[in-house]
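A.B. asks: Dumping the structure here so I can ask a few things about it.
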Amino acid sequence: MSELIGTPMLRKEDPRLLCGDGRYISDLQIPGMLTAAIVRSAHAHARIVNIDASVARAHSGVIAVFTWRDLGRVQRPIPTFGQIPEAIHKAWRPTVRSAPVYPLAQEKVRYVGEPIALVVATDRYVAADALELVEVTYEPLPPVVDVEFGVSPSSAKLFEGWEDNVALHIKIAFGDVDAAFRTAARTFRDRYYSHRYTGVPLEGRGMLVIPELSGQGMTIWTSHQLPHFHRAAVCEALGLPEHAVRAVQADIGGGFGQKAGLYPEDILIPFAAYRLGRPVKWLEDRREHFIASSHSREQLHDVEVAVDKNGVLLALRDRVLIDLGAYLTFPIVLPYLALCHMLGPYRVPALTADIRSVLTNKVPSAPYRGAGRPEGVFVINRVMDRIGRELGLDPMEVRRRNLIRPDEMPFSPGILYRDGTPMVLDSGDYPAALERCLKAIGYHSFRAHQEEQRQRGSYLGIGVACNVEATGIGPFEGARVRIDATGEVAVYTGVTNQGQGHQTVFAQVCADRLGISPDKITVITGDTATIGFSRGTFHSRVAVTAGNAVHLAAEKVHSKLIRLAASVLEVAPEDLEVRDGCVRVKGAPHTALSFARCAQLSVPGAQLPPGMEPGLDETAYFNAPSVTWGSAVHAAVVHVDPETGAVKILRYVVVHDCGRVLNPLILEGQIHGGVAAGIGGALLEHLVYDENGQLLTTTFMDYLLPTVADIPTIEILHQETRSPLNPLGVKGAGEGGALAPPAVLAAAVEDALAPFGVRINRTPLGPRTVLAALREAAATIKA
Amino acid sequence: MRPAPFDYYVPTSFEEALDLLKRLGPDARILAGGQSLIPLMNFRLARPAALIDLARLLDLNGIMIQDGHATIGAMVTHAQIEHSRELQRSQPLLPAAARYIGHEAIRNRGTLGGSLAHADPLAEWPAVVTVLGGRIKAVSLHGSRWIAAPDFFIGPLMTMLAPDEVITEVEVPVLGASTGWSFQELARRPGDFALVGIAVVVTLDRREKVADLRVSVVGGGIPNFVPPIMWDGILGRPAEDGVLQEAAMRVSEALAPPEDIHATAADRRQIARVLTFRALKEATARARSRSDPG
């Protein structure tokens, strides 16, 4: 049956996008459209004494200026996402304080970039001029910029009435950790730091909101990754029923999870358009993106490790500080995903974790491609390398001894996943993936080559990291498949497409089930008008949840076609097959009904088989029981110049397992993008604050994205361990590539500089980090 | 990221440009490529009331080699210098350094005169023109004058140019006999501003001893030229590794480099030492190959 799934079909969306026919937020223009811009806090932590917008309001071309006082019923907190499930509350009794975002600052600002006022003007230039005319008087307060300082008694508090800045505190434990440390052959401790960086889409966040002529609702052309969620939040804020608000995705110039959270603008712009009765567009500029879109990754792990004499991990103690930024927007996601991704693919028999998410005067943290996973992957792989060094074992041998074996699957580490269901690694062959990766990169012959190069003064290093990846989180996603009277097929789903190739992959899935060319299938994504329910695009979930929903909806249409044709042709259903856009009698292909004919025969009023509803238009929701776990092994060879600290990647190999591959071409593109993002984070990208809480990296001159010159050829090998948890056997792949690079490159740089005794326990691996590590190692050796 | 309002003028003659500059006063700025000025304006860090665009003044767009000198018009782009066959032959340090300026799109628009007038301590041209012993011609309605490169730069983003003066051309000597050059630069990514860049010109005497040594530093602050007095005890010695190491150490110690998010001052001093040594090695090797064994 399956013909197209698994083939490298070219992307259906590309001709349109490559010919410049995309419709991004920037491209959307309608008559009478106004432009919004936002007055943002210049201070990291301050009381707002006064806002004087009178000059700005009088400025030519300014239509309105809104401050907190003007918001009316929208003076309410913005909904957060990723609530803590009841089961986790019960299991660990986390302490959570409410630190929500409001559409505009009330009396206090807590980060540079926090929205204070909204200006609506006739065009973007006028709006930019007007921003300077809004006079805000601040009374600066002491900023909290460092997370360790933030939990100290001497720190300022971001919220009045709190005795500290801890927004979330969760203690997790399983196994007998104390006994493990008592009996361990060796124990050691380390501090691992993941620095702050984030997603940088080509196009920032934005939307165009068009009020209905009736004044009773609106259409929001949005770049939000969760249009149904965006609609729900707008409806709640403005007091509108869902039928009055349509949220529909424009072409989205990259999302990376950053566009999955709700931001002040997501409410403010609909509010302004509704209030003014005129279309309003807002599109973030680059500087705004850095100070107003979520940051990610900043975590500090103080880890104690207990191992036996063979290098087998017995227990971990981890004290974690998460530098949250100014508000708690995704309560559980970042800490919990980091933790879960430390519990695989290696066995961790016993664990205590004490995690505190700490408010600081920085941009709020939220998921970005990986969403806590890379930080966990960094810790557990650095631990494996450290075990090797402690016991004089090859770090790959340490990995072999600790990797979960296929015969142990399904494997339960012993905690709940963040959706509240037990965490179960459902499938995978981690040891085989490791061996394939080592073979591909030539690990065994590398050591001789490395030694030879060292003799010539050239320092090469190799690093490897293994990771699991939770994908396809539920609870559900839906799809609707409709055959119309022309015989063409439309597939609707609420998830957005911001580069993942959904138009192509869902056409493949649907085409295989319906036996029709994918050219006859159009996939329409991210529109609340087309399907009742949707969660959206995040957590590497769409192939799993929406992919299976498309499969199920196509299955429903398929069985309806058979029943209808059986009735019309007066043959038994089992004698029919659906192929080449027809339902036909097996062995008598000329006795057939085309899809168009079937659609015409199924209209309301037509003579339908008993109990059959009219129309070839079926919706299915796939309910995911929990996540399904992908995995990967990455390896890199680097050259490090110990005199300048410069790091160059010479080779990069990925063995990747995301279950059944729907489209290998698109999958490799996903991996390339993820690895490039991971390399950028490991080597270059860094959001740096000064001691006053001013972000120093607000341009592409200071925030260094990797370019084509910084990314090596990425060699990809696929492993296919099908998921037992869904009909298609797929696992997600969107984020996976970004998880391992920081761990891989830290290991490789450390290995290259092993003759100097260098330790790398932090990122990014720029000259500052590398030269400091060299100096530190030199000082240690002298002492 | 929208500039504040400004007026825009495109003079078609040099006289018109000078007239405009005088008439519009110090709030007007010359636009000579705009690869630094326009981003600053978009961030509203620069707010000139008017821009005078020299793009149509084709007289400022030539490269000429004559009488042992290369003369380069102020509006010659970095890319033109990079790809100039004449310069690759007669003064190859210029095309070699040009390759380190930004990316191709920037090099296609940015100009030599614009960069010199902007006097960014992280730019390549102030260091290169200085190390070559070049001079810069400044013209106003009152006449013209030549300013030697080390004197031209008086501080970061500050030059000897009077408000009504415009750079028209730059003159550097062509590469001499027994003279070698090198340009070394380290940046976070290809095309980024340098962490440190080193421009070197070395002349050897007939016994392969160091007869003359000139070093400028990109990112070492402005002035960026290492004063000749630093070479006491180096000149006259053989161009061997030990001597070159000592010279590199002196450069490193003479610097007061800035600290920023990419590197500490100590990192930059170390990188400057390493790059200076590598540059001196390369330059002396080139000098040897250009010596006439006669």
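A.B. asks: Any residue in region A:573-589 that is more than 15 Å from residue A:515 (Cβ to Cβ) sitting within a Cβ distance under 8 Å of a residue that is open to solvent by 50 Å² or more (accessible area, probe 1.4 Å) and among the basic types (Lys, Arg)? List the pairs, counting only those 6 or more apart or interchain.
C.D. replies: Hits for this filter: A:573/A:563; A:575/A:586.
A.B. asks: Turning to a different aspect of this structure: Could you figure out which of (1) aliphatic (A, V, I, L, M); (2) free of Cβ contacts under 8 Å to residues at least 12 places away in the same chain; (3) under 26 Å from residue B:179 (Cα atoms) isn't true of residue B:105?
C.D. replies: (3)
A.B. asks: Okay, moving on. Count, please, the residues in region A:147-186 that happen to be open to solvent by 50 Å² or more (accessible area, probe 1.4 Å), farther than 18 Å from residue A:353 by Cβ and not in a strand (DSSP E or B).
C.D. replies: So the answer is 10.
Each row is one residue, and each column tells you yes or no for (1) out of contact with any Pro (no Cβ under 9 Å at 6 or more places or on another chain); (2) away from chain B (no Cβ under 14 Å); (3) farther than 27 Å from residue A:379 by Cα.
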site	(1), (2), (3)
A:218	no, yes, yes
A:248	no, yes, yes
A:256	no, yes, no
A:265	no, yes, yes
A:271	no, yes, yes
A:301	yes, yes, no
A:309	yes, yes, no
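A.B. asks: Within region A:736-783, can you find the residues that are open to solvent by 20 Å² or more (accessible area, probe 1.4 Å), in a loop (DSSP other than H, G, I, E, B) and either in contact with a Lys or Arg (Cβ under 8 Å, 6 or more places away or on another chain) or within 14 Å of chain B (Cβ to nearest Cβ) (or both)?
C.D. replies: A:761
A.B. asks: Additional query: Listed residues A:561, A:593, A:552; which is within 20 Å of residue A:507 (Cβ to Cβ), outside any loop (DSSP other than H, G, I, E, B) and open to solvent by less than 50 Å² (accessible area, probe 1.4 Å)?
C.D. replies: A:561
A.B. asks: If you don't mind, another one. Restricting to region B:183-213, count the residues that are within 14 Å of the chain's Cα centre (by Cα) and away from chain A (no Cβ under 14 Å). If you could, list the steps in order and put the result at the bottom.
C.D. replies: Quick first cut of region B:183-213, residues within 14 Å of the chain's Cα centre (by Cα) only: B:183-185, B:193-194, B:196-201.
Cutting the leftovers down to away from chain A (no Cβ under 14 Å) gives us B:183, B:199-201.
Residues meeting the conditions: 4.
A.B. asks: Given the options A:102, A:111, name the one that is hydroxyl-bearing (Ser, Thr, Tyr), crowded, with 22+ Cβ neighbours inside 10 Å and touching a Lys or Arg at 6+ places or on another chain (Cβ under 8 Å).
C.D. replies: The match here is A:111.
A.B. asks: Scan region A:27-47 and tell me whether some residue there is farther than 30 Å from residue A:277 by Cα, assigned to a strand (DSSP E or B) and at pLDDT 95 or above.
C.D. replies: Looking through region A:27-47, at least one residue is farther than 30 Å from residue A:277 by Cα, assigned to a strand (DSSP E or B) and at pLDDT 95 or above.
A.B. asks: Can you list the helices (runs of 4 or more DSSP H) found entirely within region A:291-408 that contain at least 1 residues being at pLDDT below 95?
C.D. replies: The helices (runs of 4 or more DSSP H) meeting that bar are A:333-340.
A.B. asks: Of the residues A:42, A:46, which single one is among the hydrophobic types (A, V, I, L, M, F, W, C) and surrounded by fewer than 16 Cβ atoms within 10 Å (Cβ to Cβ)?
C.D. replies: A:42 is the lone residue from the list that is among the hydrophobic types (A, V, I, L, M, F, W, C) and surrounded by fewer than 16 Cβ atoms within 10 Å (Cβ to Cβ).
A.B. asks: Using beta carbons and a limit of 6 Å, which pairs, at least six apart or on different chains, have the first residue in region B:143-162 and surrounded by fewer than 17 Cβ atoms within 10 Å (Cβ to Cβ) and the second one among the aliphatic types (A, V, I, L, M) and in a strand (DSSP E or B)?
C.D. replies: Between residues of region B:143-162 that are surrounded by fewer than 17 Cβ atoms within 10 Å (Cβ to Cβ) and residues that are among the aliphatic types (A, V, I, L, M) and in a strand (DSSP E or B), the close pairs are B:145/B:138; B:160/B:147.
A.B. asks: Restricting to region A:699-749, count the residues that are under 18 Å from residue A:466 (Cβ atoms) and among the polar types (S, T, N, Q).
C.D. replies: So the count comes out to 2.
A.B. asks: Can you name every residue in region B:38-59 that is over 15 Å from residue B:75 (Cα atoms) and open to solvent by less than 20 Å² (accessible area, probe 1.4 Å)?
C.D. replies: Within region B:38-59, B:41, B:46, B:48, B:50, B:51 meet the criteria.
A.B. asks: Do you know which residues across region A:453-479 are touching a residue at least 12 places away in the same chain (Cβ under 8 Å), open to solvent by 40 Å² or more (accessible area, probe 1.4 Å) and either within 27 Å of residue A:542 (Cβ to Cβ) or among the small types (Gly, Ala, Ser) (or both)?
C.D. replies: Listed by number, the residues that qualify are A:475, A:476.
A.B. asks: So, one more: If I ask for residues that are charged (D, E, K, R) and within 11 Å of chain B (Cβ to nearest Cβ), which ones from region A:686-700 would you list?
C.D. replies: A:690, the sole residue that qualifies.
Each row is one residue, and each column tells you yes or no for (1) open to solvent by 10 Å² or more (accessible area, probe 1.4 Å); (2) over 19 Å from the mean Cα position of the chain (by Cα); (3) modelled with pLDDT of 95 or more; (4) not hydroxyl-bearing (Ser, Thr, Tyr).
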{"position": "A:652", "(1), (2), (3), (4)": "no, yes, yes, no"}
{"position": "A:666", "(1), (2), (3), (4)": "yes, no, yes, yes"}
{"position": "A:674", "(1), (2), (3), (4)": "no, no, yes, yes"}
{"position": "A:690", "(1), (2), (3), (4)": "yes, yes, yes, yes"}
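A.B. asks: Can we say residue A:482 is surrounded by fewer than 24 Cβ atoms within 10 Å (Cβ to Cβ) and in a strand (DSSP E or B)?
C.D. replies: Judged against the criteria, residue A:482 is a match.
A.B. asks: Residue B:65 passes all but one of (1) buried (at least 18 other Cβ atoms within 10 Å of the Cβ); (2) hydrophobic (A, V, I, L, M, F, W, C); (3) not in a helix (DSSP H, G or I); which number fails?
C.D. replies: It fails just one condition, (1).
A.B. asks: Ok, one more. Taking the criterion of being in contact (Cβ under 8 Å) with a residue 12 or more places away in the chain, of a type in the set (Val, Ile, Thr) and either touching a Ser or Thr at 6+ places or on another chain (Cβ under 8 Å) or at positive phi (or both), would at least one residue in region B:76-92 satisfy it?
C.D. replies: Yes, the conditions are met somewhere in region B:76-92.
A.B. asks: To continue, here is another question. Quick check on region A:640-649. Is at least one of its residues open to solvent by less than 10 Å² (accessible area, probe 1.4 Å) and under 30 Å from residue A:480 (Cβ atoms)?
C.D. replies: No, there is no match, as no residue in region A:640-649 is open to solvent by less than 10 Å² (accessible area, probe 1.4 Å) and under 30 Å from residue A:480 (Cβ atoms).
A.B. asks: In region A:701-716, which residue that is out of contact with any helix residue (DSSP H, G or I) (no Cβ under 6 Å at 6 or more places or on another chain) and more than 10 Å from chain B (Cβ to nearest Cβ) is least open to solvent (accessible area, probe 1.4 Å)?
C.D. replies: Among those that are out of contact with any helix residue (DSSP H, G or I) (no Cβ under 6 Å at 6 or more places or on another chain) and more than 10 Å from chain B (Cβ to nearest Cβ), it is A:712.
A.B. asks: Within region A:636-650, how many residues are closer than 18 Å to residue A:708 by Cα and within 10 Å of chain B (Cβ to nearest Cβ)?
C.D. replies: 1
A.B. asks: So, in region B:94-131, how many residues would count as being under 9 Å from the mean Cα position of the chain (by Cα) and assigned to a loop (DSSP other than H, G, I, E, B)?
C.D. replies: Final tally of qualifying residues: 2.
A.B. asks: Tell me, which residue of region B:221-264 that is in contact (Cβ under 8 Å) with a residue 40 or more places away in the chain and more than 14 Å from chain A (Cβ to nearest Cβ) is most open to solvent (accessible area, probe 1.4 Å)?
C.D. replies: Per the stated criteria, the residue is B:223.
A.B. asks: Now, a different point. Could you tell me whether any residue of region A:250-266 is assigned to a strand (DSSP E or B) and either open to solvent by 20 Å² or more (accessible area, probe 1.4 Å) or within 29 Å of residue A:503 (Cβ to Cβ) (or both)?
C.D. replies: Yes, because at least one residue in region A:250-266 is assigned to a strand (DSSP E or B) and either open to solvent by 20 Å² or more (accessible area, probe 1.4 Å) or within 29 Å of residue A:503 (Cβ to Cβ) (or both).
A.B. asks: Moving on. May I ask you to verify whether residue A:113 is at pLDDT 95 or above, on the phi > 0 side of the Ramachandran plot and part of a loop (DSSP other than H, G, I, E, B)?
C.D. replies: Working: at pLDDT 95 or above: yes; on the phi > 0 side of the Ramachandran plot: yes; part of a loop (DSSP other than H, G, I, E, B): yes.
In short, yes.
A.B. asks: Looking only at region A:215-231, count how many residues are touching a residue at least 40 places away in the same chain (Cβ under 8 Å) and surrounded by fewer than 18 Cβ atoms within 10 Å (Cβ to Cβ).
C.D. replies: 1
The values are calculated or read from the model by the stated rules, or taken from the named source; none is laboratory data. Computed from a predicted structure; not experimentally measured. All Cβ positions, even for glycine, are placed from backbone atoms using ideal geometry, and neighbour counts span all protein chains on display. Just so you know, the surface numbers come from the protein's heavy atoms only, side chains and all, with ligands and any DNA or RNA stripped out. Shrake-Rupley method; radii C 1.70, N 1.55, O 1.52, S 1.80 Å.
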